[in-house]
Amino acid sequence: MTTLDHAKVSESRPNPPKSLITKLNMGTGMIVGIVFAEVMYFWGKSMWDRQEAVMENRILTLSMFAWCIGFLIGIGAFIGPFRWLIGKDLTDEEQLFLAGKGQGVSRYFRYCTDHKVVGIQYLVGVMVMLGAGGTMAMMIRTNLITPGSKWVNAEIYNSLVGLHGITMIVALIIVSTGPFGNFILPIMIGARDMAFPRLNALSWWLLFTAIPVLCSAWFFGGIPTGWTAYAPLSVQAGGGMNAFIVTIIIFAISSAIAGANITTTVVTMRAKGMKWNRVPIFVIGATISVAMAIPAFPSFMASQMMAAFDRTIGTHFYDAEFGGSGWLYAHLFWIMGHPEVYVILIPGVAILMEIAPVFARSPLFSYTTAVVGLAGIVGLSFLVWAHHMYISGWLPSLNGPFMVTTEMISIPTGLLFLVLLGTIWRGRPWMKLPMLGVYALLWNFLIGGITGIYLSDVPADDYLHGSMFVTAHFHYTLMGAALTGAIAGLAYWFPKMTGRMLDERSGYISFWLVQIGFQVLFLGMFAAGSQGQPRRVADYEQAFATSDLISTIGAYLVGIGMIVLLYSVVHSWRKGKIAPMNPWGAKTLEWTVPYPIYLENFHEAPVVTSDPYGYGRSEK
Amino acid sequence: MSDQHEVVDLPPTPGERLRNAMKARDVRITMIFGVVITAFFVFIGLWFYPKFMPEIMSESMKRGKDVIVYFTVISAPIAGLVIAIALYTLFDRHHGDTPPEEAASFRTHTPIVFVWTLVSAIFCIVAIVWGLTEMNVNSEDATANAKTALVVEVTGSQWVWTFNYPELGVQSEQLNLPVDRPVEFRVHSVDVNHSFWPVQLGVKVDANDRVTTLAHTTPNVLGTIDIKCAELCGLYHAYMETQGKVMKEADFNSWVTAQGGHVA
């Protein structure tokens, strides 16, 4: 119940074990990774030194995989499995070292198994990715400021669109379940760590290896296909496409590992007394989200492996000339793609359902309804993928059934609204930063949801498909709802993750800039789409000039707001007000541990006797 | 039922409870908000939104627009309710560094959950039935017009649309159509995927390599059509556009003759 002085942390510094593990870190990983990639590259050149695209693609793809494997070897990811192979395991000292005991900042650059370290690594990684993706968004909007601006040429523009898309999708998939799912979730359920700490570290460092690969796309001709990377366009694309493929394959493995880990942790490691109906709703949301990713992403991975085969050894999975089919790709992609948007959305909404009771001082309205709503979305989301293919001509007679399943999602989605509204109804909202997110979500998700119903309807989609309307719609759901939830979560858990409060003034300024700019940006884009502007165009006609100018102005507001948020986070992290143990008076378990949190979170295993939503005066 | 008067303290019936709830001040104010916001969204849907749609030159385009307009109107009460509740709670805000006083312990309310689910299910069914009906009308029109339709073969290639009228022996990079005559677009691509989008006609279909996909419509207004590509197709995707004209039958026939074709 007190603020802890950071300097008085007395975790004794153990003698580090004399083993290879202590010598390895991010730096050695990079060195070994680059050496592997170079060796692979020059070996490939000597083997297949021909001026064929297939050979070039093969060499690049293998070099990128070599980098990933080299990096993981260099950082020591395989020391444990290697010991198992020779019938041993890591010693206790080595395990403590891996958990980062008494290592200070350097543990963030190692293969560290402590879930709190992994959470911070994910947080910083996500912020870097959002920054990169956001910068690209600003460049896209700058190019669209007036018709014929030609600020960048069409080639660079297309690359920007593709890289912005995939960077943001990857960032948003992990934006909540990465930082909060790793840092907060185990403490929330009263666990000492994740079920598989080494896999946890592996999932982060795998993802880390994918980031330079994705960035390298710039130097090999970009990703000129949009993030959907439809075949046969992707088969035609230059070397940057290899980077996309490798990134997705690595990311699919990483998210499968993370998903298995979080799911197992929640199923097996909950505190004593934490029955399923006492689990905090964020934990349910995060678990559902990563559990959905487990069946969804392999389909994406398969689609990219087949694309890789087409590009590197000359198969014809997607080439109609030799019996392949672009529709095959579209199906594999969207079988991942539609559950995936809910993988992004659900944790964001769940964070806000966690926040709303705390700041309205009122119990979460109808916990069961919340769970049913989340589960209903999961169930339906696997049955709707072909609504992305209404106009593909694939099988028009199936448009009807897919329209039915898609529109049915509005029912469980409506339940989530009911839960949030029921929670804040007749409460006095405490207008702290996290609570603002709840209101922002209600508006943004409402717009995103209703426009989604238009798009799910075939006659309307005949007109709107592939237009800016679609872009605006999914930004309302993914950014307006999911990212808003994640930022609210950051403001909410910042005290627990950094020991300091997030600066309120800059936080408010950022919130309003981002949210107002966001409305201007995407309401303008709805207009452009309704007028008939296709998406992903580098240039457009005079008729759309006003809508696009409005959008660009909104985009700059969002950009400024995000820079303010970045300042707020960096400033607060370094010099912010020291946070009390439970600044919000919340009842979940993570607020019962002081900062800095012990290596294994709890000195005594907590026992749970009720759900964490016992707010409100007792009636009668 | 006869011994009902023996009971002294009847619990309030659901009807009475509803009437009592409606008398509460916050419920009344919220409902007023809800009505105003609903009206606002109805206004957006009926009047404001259609201004952003291009000229409507076919029944299929009109159906698409109607779906958007009426779905906005149908969902207006939902939006009204959600925003009204959120707005109302904002009237009694709490600031400062300590939490506000505890609210009422309002854990769940089965009738509300039930009614909410039921109402959203009804809205959902309305939307589904509406959509299926409109879709069905579109495809019935297509079947009915199959014999009389003017066939236009549309070829997408990076980054040009070409139009071939097989029955008339004309090939052109401009799409000209006679007014009030059903048309069947047979669309394919010779390279990557494109998406054929004659904007004012309200239809759209992908162009795939080695597959022919169909789109049916009947232009019923004279004027210019913007033809665009709605699927990212490489470097000059943004410039893969051309214009078309819906013209009187006589004008169309003389255009066909001028192009060296023969009028059927």
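The values are calculated or read from the model by the stated rules, or taken from the named source; none is laboratory data. As the structure is a computational prediction, the values presented were derived from the model and not from experiment. When we count neighbours, we look across all protein chains shown, and the Cβ atoms used for this are built from the backbone with ideal geometry, even at glycine.
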One residue is enough: does the stretch A:242-256 have a residue meeting the conditions of a type in the set (A, V, I, L, M) and touching a Cys at 6+ places or on another chain (Cβ under 7 Å)? yes
Pairs returned, first residue in the stretch A:392-407 that is assigned by TED's automatic domain parsing to the domain that holds A:ALA330 and in contact (Cβ under 8 Å) with a residue 60 or more places away in the chain, second residue that is surrounded by 15 or more Cβ atoms within 10 Å (Cβ to Cβ) and not in a loop (DSSP other than H, G, I, E, B), beta-carbon separation under 7 angstrom, 6 or more apart or interchain, are A:SER392/A:TRP327; A:SER392/A:ALA330; A:SER392/B:ASP206; A:TRP394/A:TRP327
Test of understanding: among B:THR72, B:THR89, which residue is buried (at least 21 other Cβ atoms within 10 Å of the Cβ), modelled with pLDDT of 90 or more and within 7 Å of another protein chain (Cβ to nearest Cβ)? B:THR89
Of (1) more than 7 Å from chain A (Cβ to nearest Cβ); (2) within 22 Å of A:GLY449 (Cα to Cα); (3) hydrophobic (A, V, I, L, M, F, W, C), B:ALA79 satisfies all except one. Which? (1)
Which condition number does A:GLU590 fail, the rest of (1) within 14 Å of chain B (Cβ to nearest Cβ); (2) of a type in the set (D, E, K, R); (3) out of contact with any Gly (no Cβ under 6 Å at 6 or more places or on another chain) being met? (1)
Just a yes or no: is a residue in the stretch A:581-592 over 16 Å from A:PHE183 (Cβ atoms), polar (S, T, N, Q) and not in a helix (DSSP H, G or I)? yes
Please verify whether the stretch A:596-614 includes one or more residues that are touching a residue at least 24 places away in the same chain (Cβ under 8 Å), part of a helix (DSSP H, G or I) and either touching a Pro at 6+ places or on another chain (Cβ under 6 Å) or aliphatic (A, V, I, L, M) (or both). no
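Quick grid of which residues meet (1) more than 22 Å from A:ILE174 (Cβ to Cβ); (2) of a type in the set (S, T, N, Q):
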{"site": "A:SER63", "(1), (2)": "yes, yes"}
{"site": "A:ILE75", "(1), (2)": "no, no"}
{"site": "A:GLY87", "(1), (2)": "yes, no"}
{"site": "A:PHE97", "(1), (2)": "yes, no"}
{"site": "A:GLY104", "(1), (2)": "yes, no"}
{"site": "A:ILE120", "(1), (2)": "no, no"}
{"site": "A:VAL128", "(1), (2)": "no, no"}
{"site": "A:THR142", "(1), (2)": "yes, yes"}
Subset of the stretch A:469-495 that is touching a Ser or Thr at 6+ places or on another chain (Cβ under 8 Å) and within 14 Å of another protein chain (Cβ to nearest Cβ) - its residue that is farthest from A:THR167 (Cα to Cα): A:PHE469
Which ones in the stretch B:173-188 are β-branched (Val, Ile, Thr) and surrounded by fewer than 20 Cβ atoms within 10 Å (Cβ to Cβ)? B:VAL179
Looking at the stretch B:204-218 only, could you name the residues that are among the hydrophobic types (A, V, I, L, M, F, W, C), facing chain A (nearest Cβ under 8 Å) and buried (at least 24 other Cβ atoms within 10 Å of the Cβ)? B:VAL205
By residue number, the members of the stretch A:402-448 that are among the basic types (Lys, Arg) and either at the interface with chain B (Cβ under 7 Å from one of its Cβ atoms) or part of a helix (DSSP H, G or I) (or both) are A:ARG426, A:ARG428
Somewhere in the stretch B:126-142, is a residue over 24 Å from B:ILE56 (Cα atoms), surrounded by fewer than 18 Cβ atoms within 10 Å (Cβ to Cβ) and touching a helix residue (DSSP H, G or I) at 6+ places or on another chain (Cβ under 8 Å)? yes
Residues of the stretch B:103-147 satisfying the condition of being aromatic (Phe, Trp, Tyr) and either in contact with a Ser or Thr (Cβ under 9 Å, 6 or more places away or on another chain) or farther than 30 Å from B:ARG181 by Cβ (or both): B:PHE106, B:PHE114, B:TRP116, B:PHE123
Selection over the stretch A:70-94 where residues are in a helix (DSSP H, G or I), surrounded by fewer than 18 Cβ atoms within 10 Å (Cβ to Cβ) and touching a residue at least 12 places away in the same chain (Cβ under 8 Å) yields a count of 1
Evaluate the following for A:ALA605: is it farther than 27 Å from B:ASP97 by Cα, modelled with pLDDT under 95, in the same structural domain as A:LEU441 (by TED's automatic domain parsing) and of a type in the set (Gly, Ala, Ser)? no
Grab the strands (runs of 3 or more DSSP E) fully contained in the stretch B:184-243, keeping just those with 1 or more residues being closer than 30 Å to A:ILE156 by Cα. B:194-198, B:205-207, B:223-229
Residue ID - nearest to B:VAL82 (Cα to Cα), chosen from residues in the stretch B:10-67 that are surrounded by 14 or more Cβ atoms within 10 Å (Cβ to Cβ) and basic (Lys, Arg): B:LYS65
Exactly one of B:VAL160, B:VAL246 is of a type in the set (A, V, I, L, M), touching a strand residue (DSSP E or B) at 6+ places or on another chain (Cβ under 9 Å) and surrounded by fewer than 22 Cβ atoms within 10 Å (Cβ to Cβ), and that one is B:VAL160
For residues in the stretch B:232-264 being within 14 Å of chain A (Cβ to nearest Cβ) and in contact with a Lys or Arg (Cβ under 9 Å, 6 or more places away or on another chain), which is nearest to A:GLY466 (Cα to Cα)? B:LEU232
Based on this model, can you work out whether B:ASP9 counts as of a type in the set (Asp, Glu) and more than 13 Å from chain A (Cβ to nearest Cβ)? yes
Test: residue in the stretch B:219-237 that is touching a residue at least 60 places away in the same chain (Cβ under 8 Å), more than 27 Å from B:SER139 (Cα to Cα), among the aliphatic types (A, V, I, L, M) and buried (at least 22 other Cβ atoms within 10 Å of the Cβ): no
For B:ALA103, are the conditions met, namely being surrounded by 18 or more Cβ atoms within 10 Å (Cβ to Cβ), more than 8 Å from chain A (Cβ to nearest Cβ), closer than 30 Å to B:ALA21 by Cβ and free of Cβ contacts under 8 Å to residues at least 40 places away in the same chain? no
Has the stretch A:506-524 got at least one residue that is assigned by TED's automatic domain parsing to the domain that holds A:ALA460, in contact with a strand residue (DSSP E or B) (Cβ under 7 Å, 6 or more places away or on another chain), in contact (Cβ under 8 Å) with a residue 40 or more places away in the chain and on the phi < 0 side of the Ramachandran plot? no
